[in-house]
1. Could you name the aspartates and glutamates whose alpha carbon sits less than 14 Å from that of LYS129, not counting residues in the same chain fewer than 8 places away?
2. Can you give the FRET efficiency for TYR92 and PHE160, using 1/(1 + (r/R0)^6), R0 = 22 Å, r = Cβ-Cβ distance, to the nearest 0.05?
3. If you take the charge dipole of the stretch 52-113 about its Cα centre, with +1 on Lys and Arg Cβ and -1 on Asp and Glu Cβ, which of GLY56, VAL66, ASN76 is farthest toward its positive end?
4. Helix-derived [θ] at 222 nm for the chain: sum -39500 (n - 2.57) over DSSP H runs of at least 4, divide by residue count, nearest 500?
5. Between PRO99, ILE18, GLN109, whose Cα lies farthest towards the positive end of the dipole of the chain when Lys and Arg beta carbons carry +1 and Asp and Glu beta carbons carry -1, centred on the Cα centre?
6. How high is the relative contact order of the stretch 26-108, in percent, counting Cα pairs under 8 Å that sit 6 or more residues apart?
7. Counting Lys and Arg as +1 and Asp and Glu as -1, each charge on the Cβ, what is the dipole of the chain about the Cα centre in debye, to the nearest 20?
8. State, to one decimal in nm², a quarter of the convex hull surface area for the C-alpha atoms of the chain, i.e. the direction-averaged projected area.
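Here, each number is a calculation from the coordinates, and none is a lab measurement. Everything quoted here is computed from the prediction, not taken from an experiment. FYI the Cβ positions are ideal-geometry reconstructions off the backbone, even for glycines, and counts take in every protein chain you see.
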Amino acid sequence: MKSESKEGGITMARTLPIQKTTLLKKEEVQRDWYVVDAEGQALGRLATRIALVLMGKNKPNWTPHVDCGNFVVVVNADKIKLTGKKMDQKKYYKHTGYPGGIKEFSARQLLQRNPEKLIQLAVKRMLPKTVLGRRALKRLKIYAGPEHPHQAQKPVELSF
């Protein structure tokens, strides 16, 4: 692109710098595997960081309309912590499908019954409510103990 200006009767032309935005195509996406140790981590802070990695926003070539996220494996989900009185005051609900069938659980009860569900719900609610968010949630693997079956993918330790 050229712009012209007149200075003292002389016409000068100069080229303007061109800045290109690179957009990924779905065939060009390279997915990495990360492993996160949840032991002693605060639930909300951990969930926000996991959501960003699942969406691929930690990559320099993130594209909003392309699913360019990574896989995240969370271990030691049963050792997560909640700050303040949230362990007893934070409530989770499920409905059986029958009239009057709503069930209420505290975070402590959910952590004892199903610690994976606690992290999954926190991350799910931080992802976009679109097709891209649902696809990203499928790449989240959560395990209560320190072992996981994804050693073949050679996940990189992700520390926060």
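1. ASP67
2. Working: r = 24 Å, r/R0 = 1.09.
Here the calculated transfer efficiency is 0.35.
3. ASN76
4. -7000 deg cm²/dmol
5. PRO99
6. Details: 110 pairs, mean separation 26.6, N = 83.
Rounded, it is 32 percent for the stretch 26-108.
7. With only Lys, Arg, Asp and Glu charged at Cβ, the dipole is about 560 debye.
8. 16.2
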